[in-house]
Structure formats: C-alpha cells, structure tokens
Amino acid sequence: MHRPKVYLETTLFNYFVDESKEDHLVTIAFFESIASNQFDGYTSAYTIAELENALEPKRSKMLALIEKYNITVLEASTEADQLASLYIYNGIIPEKKNIDAQHIAIATVNDIGMILSYNFKHINKLKTKNMVPAINQNKGYISVIITQPKEVIDYETF
C-alpha cells in the first residue's frame, strides 16, 4: 500500500517551531507521522524562499525540519507557474499573493493529493477549496485536498 503524499505549506514549519500557536503540538505530531512513514512529505522551493526570510534562530530551526523529516523539496516549473497564473486569473488567489497560488500549483502538477496549510486567508479557505478542483479538472490535473493536520491524523492524545 502506498503512503499518501502531503505538501507542507510554509505555515506548517512555523507552527512546528512556535510553541505559542494553538496547533503547535498537532503539527509536531504530523511531522512525526511523516517520520514513521504514514505519509510522504513534500514542500517546495517556494517554501524554502519564504523560510529563508524568517529571522534567526527561527529560520534555522524551520529549515532543519526539512532534513530531519526527510521532506522532499520540489523545484519550481513553468507548468506550475502557468497553473498558478490560472488560479490568480480566476480570482482564487490575489495576484499580490502569487506565492500562495504557487504552493497549490506545485503540489498539483506533482500529483500530491493533499496540501496542509494554516494559511486561512488564501489557501485553506472555502473559496479556494471549491474553485481549485474545477480549474485542476479542466486542465487535466488531479483534485487536491486542502486541509490542516488535525483533520488528517489522530491527535487526541495531546
């Protein structure tokens, strides 16, 4: 049986290292579920660029998670850029938040069926969850599920 592929958007790394975040512990538990081979973890060059903008020591802590949990980093592509542009053109993601469209597009073109995000302003919101699958289907891509860790793993032990 194959493991589900999950794309970890930038906010997951922030919630892992920031103990003040409400879902800090469930985020750690999700990373541990990747370590225990329940999921295959992916992120992208877009995430790396955002993490590198953080201040130290937070930046180093977040970047270290990629190696520690063996997260595969996906590279930018023209195909993902074109799909992200469609999300923006169709009013799903604002143009000034292009990187959010890129996160969804890079996961989509790499056949990653689930995107985990705490970005409730542009990514993990009803409008995006409803409109992205229509665009993806129209362009022959898989439908992606956009969600958060506590909807995916059993975390009641926390």
- Task: Considering only residues that are over 13 Å from HIS103 (Cβ atoms) and of a type outside the set (S, T, N, Q), look in the range 142-151 and name the one that is surrounded by the most Cβ atoms within 10 Å (Cβ to Cβ).
- Result: PRO149
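Here's the yes/no breakdown for (1) in contact with a Gly (Cβ under 7 Å, 6 or more places away or on another chain); (2) surrounded by fewer than 21 Cβ atoms within 10 Å (Cβ to Cβ); (3) of a type in the set (D, E, K, R); (4) under 18 Å from GLY41 (Cβ atoms):
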{"position": "ILE106", "(1), (2), (3), (4)": "no, no, no, yes"}
{"position": "LYS127", "(1), (2), (3), (4)": "no, yes, yes, no"}
{"position": "MET131", "(1), (2), (3), (4)": "no, yes, no, no"}
{"position": "GLY140", "(1), (2), (3), (4)": "no, yes, no, no"}
{"position": "ILE153", "(1), (2), (3), (4)": "no, yes, no, yes"}
- Out of the range 1-22, which residues are assigned to a loop (DSSP other than H, G, I, E, B), farther than 17 Å from LYS58 by Cα and either within 15 Å of the chain's Cα centre (by Cα) or charged (D, E, K, R) (or both)? ARG3, PRO4, GLU22
- Item | Unmet requirement for GLY41, which otherwise passes all of (1) closer than 19 Å to ILE104 by Cα; (2) under 13 Å from the mean Cα position of the chain (by Cα); (3) in contact (Cβ under 8 Å) with a residue 60 or more places away in the chain | (3)
- Item | Scope the range 111-124; condition buried (at least 16 other Cβ atoms within 10 Å of the Cβ) and either of a type in the set (A, V, I, L, M) or free of Cβ contacts under 8 Å to residues at least 12 places away in the same chain (or both); matching residues | ILE112, MET114, ILE115, LEU116, ILE123
- Mind checking which residues of the range 65-104 are over 20 Å from GLU52 (Cβ atoms), in a helix (DSSP H, G or I) and of a type in the set (Val, Ile, Thr)? THR78, ILE88, ILE104
- Item | Condition check for SER85: closer than 16 Å to ASN14 by Cα, hydroxyl-bearing (Ser, Thr, Tyr) and either touching a Gly at 6+ places or on another chain (Cβ under 8 Å) or at pLDDT 95 or above (or both) | no
- Query: Only one of SER77, SER60, SER117, SER85 is within 15 Å of the chain's Cα centre (by Cα) and over 21 Å from ASN37 (Cβ atoms); which?
  - Reply: SER117
- When residues of the range 1-20 are limited to those that are in contact (Cβ under 8 Å) with a residue 60 or more places away in the chain and of a type outside the set (A, V, I, L, M), the one farthest from ILE99 (Cα to Cα): PRO4
- Query: In the list LEU55, LEU51, which residue meets the criterion of being out of contact with any Cys (no Cβ under 7 Å at 6 or more places or on another chain), at pLDDT 95 or above, among the aliphatic types (A, V, I, L, M) and surrounded by 20 or more Cβ atoms within 10 Å (Cβ to Cβ)?
  - Reply: LEU51
- Query: Which one is surrounded by the fewest Cβ atoms within 10 Å (Cβ to Cβ), of the residues in the range 23-48 that are in contact with a His (Cβ under 9 Å, 6 or more places away or on another chain) and either of a type in the set (Asp, Glu) or part of a helix (DSSP H, G or I) (or both)?
  - Reply: ASP40
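The values are calculated or read from the model by the stated rules, or taken from the named source; none is laboratory data. This one's a predicted model, so the numbers in the text were calculated from it and none came from an experiment. We place every Cβ from the backbone using ideal geometry, glycine too, and count neighbours over all the protein chains shown.
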